[in-house]
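Colleague: Please see the structure below; I have some questions.
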Amino acid sequence: MLSDNDFLRFSRQILLPECGEAGQLKLRQSRVAIIGVGGLGCQVAQLLAAAGIGELWLFDDDRVELSNLPRQLLFTDADIGHNKAQVAAGLLSRRYGAAIHAFGKLDDSSIHVLGDIHWVVDCSDNFATRHRLAAHCYRHQKTLISGAIAAFEGLLFLQSANANGKGKGRSTVSEHPLSVSRAASRELAASGCYHCLFPQDTESATRCATQGVLGSAVAAIAALQAQMTQQLILGMPLPSGRMQRFDFRHFRWHEARVPADPHCAVCAGGGESDGC
């Protein structure tokens, strides 16, 4: 049950008919993994911790650098040289009282840690991690909220747990059911996964470190990832299998459905290992 202090703290969220007391309890009972605690991950982690998410699992083996500080707002000059996940976990747990767990790099030897996670937010900055993570989430029916940002372009992609109808692995849909209509279910089945959008051999030089970025643009994409995560936890369906791109330079949204690739190594049954 929520305490009197909880009702006061989360009163504006509880006022929403889509949330209420039951929804706030769902947020508290949820475990969310955030892969990458850089510009996107810092903001997503703080927003979700402040919203009352019960457990956050942060993955990052990078250390804080001076050039991070304009957009990675959990860190200060005193944190330079320290591990990002550990610094963020300590700060957020003290500030919000949530259970925050810090881990290093997400790779084939550590991805099994995601076994009990309900929702996964991809804030990583390289395709190797994104591909490994997306394949794992598809095969184990975990909802993946993927975001990316560089220069004046932001990307969002939702890979729903419902996208895999084969029932492999531990399903999280029964624990946090999504209200998906029959029509939406058919659309999910026809939509592609993250690998259909970005095949395994995809490479890109478009990164903040090489292209630059404004911290406010990073915060905007991170806020949308946090918003998507909370709405999904609350049972509010969102379109899966769609690439949403925001052009910050001209302030324009572009959205396109990602068709299923019949030769995809992940959702077409190619059988590639995901390190589990």
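Colleague: Would you mind putting 232-242, 218-228, 37-47 in packing order, based on average other-beta-carbon counts within 10 Å, highest first?
Modeller: Details: 232-242: 18.7, 218-228: 20.7, 37-47: 26.0.
Descending packing order for the listed peptides: 37-47, 218-228, 232-242.
Colleague: What's the exposure ranking of L114, L133, going from fewest to most Cβ atoms within 10 Å? Let's see the in-between values first.
Modeller: Values: L114 22, L133 27.
Lowest to highest Cβ neighbour count: L114, L133.
Colleague: So how far, in whole Å, is the C-alpha centre of region 218-246 from the one of region 37-54?
Modeller: Going from one Cα centre to the other spans 13 Å.
Colleague: While we're looking at this one, here's another question. Taking the number of other C-beta atoms within 10 Å as the exposure measure, put H254, H101 in order starting with the fewest. Working shown, then result.
Modeller: Working: H254 11, H101 15.
Arranged by neighbour count, lowest to highest, H254, H101 become H254, H101.
Colleague: Across region 135-152, in residue order, what do the Karplus-derived ³J(HN,Hα) couplings come to in whole Hz, using 6.51 cos²θ - 1.76 cosθ + 1.60 with θ = phi - 60° and x for Gly and Pro?
Modeller: The phi angles translate into 5, 4, 5, 5, 6, 10, 6, 10, 6, 10, 10, 9, x, 8, 8, 7, 6, 10 Hz.
Colleague: A further question follows. Over all directions, how big on average is the projection of the convex hull of the alpha-carbon atoms in region 5-65, in square nanometres?
Modeller: Mean projected area of the Cα convex hull: 4.8 nm².
Each value in this text was obtained by applying a stated rule to the coordinates, not by laboratory testing. Owing to the predicted nature of the structure, the values given are computational and were not obtained by experimental measurement. Glycine also receives a Cβ, built like all others from the backbone with ideal geometry; neighbour counts cover every protein chain displayed.
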